[in-house]
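Colleague: One structure coming up, written as structure tokens, with questions to follow.
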Amino acid sequence: MARCRLVVLVLLFLTLPAAQAAGGQLFARPSIAVANADECPGLRLNEFLADPRSDWNGDHALNSGDQWIEIYNNGASGCTLSGWQLAGIGAATRSFAIPEGTYIPAGGFLVYYGSETGIELSPAGGEVWLRPPSGPADGYSYTTNKPDWSWSRLEGGTWTNVDQCPPSPQRANCTGSTMTPAPSLTPCPTPTPLATASPTLTATATATATATATPTAVEAAASTETPLPGGGNASSIFLPRVEY
């Protein structure tokens, strides 16, 4: 067993110089197939904001560093951006070389802020460019825009700054220039006035006269005659007793 291991080590030692001389690797590492810069026809400018009024880059400062430019890969494969440049033309012309080895996948986005690129876009208008190492550049000449609002590229290639397309870094822009209007508000029905309550008459107690007691005859008047001695009659009259 020890002799077999020794033979394997000798063979590796003998073959290693030959492999290095041929420029090869004895143990190859897996690699990712990435298109070269010249083979990225789907790369394009996609959106930019020239007049920021918010802290877009999150550095707790509001300045030209919050301006941003977005790149979109509309191709079917990922690309490296080695040799590509961003440029802004306005009061001054400045360019930014995208770092070597920067990779963008198919359907991916890259956003570069002014604090990274040093590019200062003019809010009054200017030009933005994406330049490949060779071949035609992709650019757009813009005019003034409302504050904190971006210019967005539609799928057809045209640019817009309509209200229906708010700034959307790292996300897809609106998909068309014709936007569905918001539904109109339906007016509320006019309320029916409440019926006015009729006043209710309150019966006032009327004083009723107390009936005067009518005398009740307890005994009827009667008269009797009593014979007197020596002749004659004496009459007695009994008056009735009245109770009230």
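Computed from the coordinates by the stated procedures, all read-outs in this text should not be read as laboratory data. Everything quoted here is computed from the prediction, not taken from an experiment. All Cβ positions, even for glycine, are placed from backbone atoms using ideal geometry, and neighbour counts span all protein chains on display.
Colleague: Modelling each spin label as a point 7 Å along the Cα-to-Cβ direction, I'd like the SER95/GLU127 distance in nm, to one decimal.
Modeller: For the pair SER95/GLU127, the computed spacing is 1.2 nm.
Colleague: Between SER134 and GLU116, 0.36 nm times their residue separation minus their Cα-Cα distance comes to what?
Modeller: Roughly 4.1 nm would be gained on extension.
Colleague: So what is the relative contact order for segment 66-152, in percent, with contacts set as C-alpha pairs under 8 Å and at least six apart?
Modeller: 32 percent
Colleague: Starting from the 7 Å offset along Cα-to-Cβ, what nm value, one decimal, do you get for the label separation of THR102 and THR143?
Modeller: 3.0 nm
Colleague: For segment 137-152, take each phi angle, set θ = phi - 60°, evaluate the Karplus expression 6.51 cos²θ - 1.76 cosθ + 1.60, and give the result in whole Hz per residue in order, putting x for glycine and proline.
Modeller: Rounded to whole hertz, the list is 8, 10, x, 8, 9, 10, 10, 4, 9, 5, x, 6, 10, 9, 9, 10.
Colleague: Follow-up question, since we're still on this one. Could you work out how far apart the two model spin labels at ASN63 and SER168 are, taking each label as a point 7 Å from the Cα in the direction of the beta carbon, and quote it in nm?
Modeller: Output for this residue pair reads 3.2 nm.
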